[in-house]
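Asks: The following block contains the structure, expressed as structure tokens.
The values are calculated or read from the model by the stated rules, or taken from the named source; none is laboratory data. In this text the structure is predicted, and so the values were computed from the model without any measurement. Because the Cβ atoms are built from the backbone with ideal geometry, glycine has one as well, and the counts that use them run over all protein chains shown.
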Amino acid sequence: MNLNLRNAILHNVSGNSQDELKDTIVDAIQTGEEKMLPGLGVLFEVIWQNSSETEKKEMLETLENGLQ
């Protein structure tokens, strides 16, 4: 991923409230547009980098269960 795209995405959501972030995520998922995938990826990267090992394990379990 181009670092300029990552920075642009982070800039666009920096300072957003939890409700605004939720709306962004829900909208991206509901529209199903391919162009939204990089943004979701960047948001997931932030979540991953700021999660404990226990939280990461829970996310991986959730992901694994969702893919079965």
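Asks: Could you look through segment 29-55, keep only residues that are small (Gly, Ala, Ser) and under 17 Å from His11 (Cβ atoms), and pick out the one that is farthest from the chain's Cα centre (by Cα)?
Replies: Among them, the one singled out is Gly39.
Asks: From the residues in segment 5-16 that are exposed (fewer than 12 other Cβ atoms within 10 Å of the Cβ) and part of a loop (DSSP other than H, G, I, E, B), which one is nearest to the chain's Cα centre (by Cα)?
Replies: Ser14
Asks: With modelled with pLDDT of 95 or more and surrounded by fewer than 11 Cβ atoms within 10 Å (Cβ to Cβ) as the only criterion, which of Asn50, Asn2 stands out?
Replies: Answer to the selection: Asn50.
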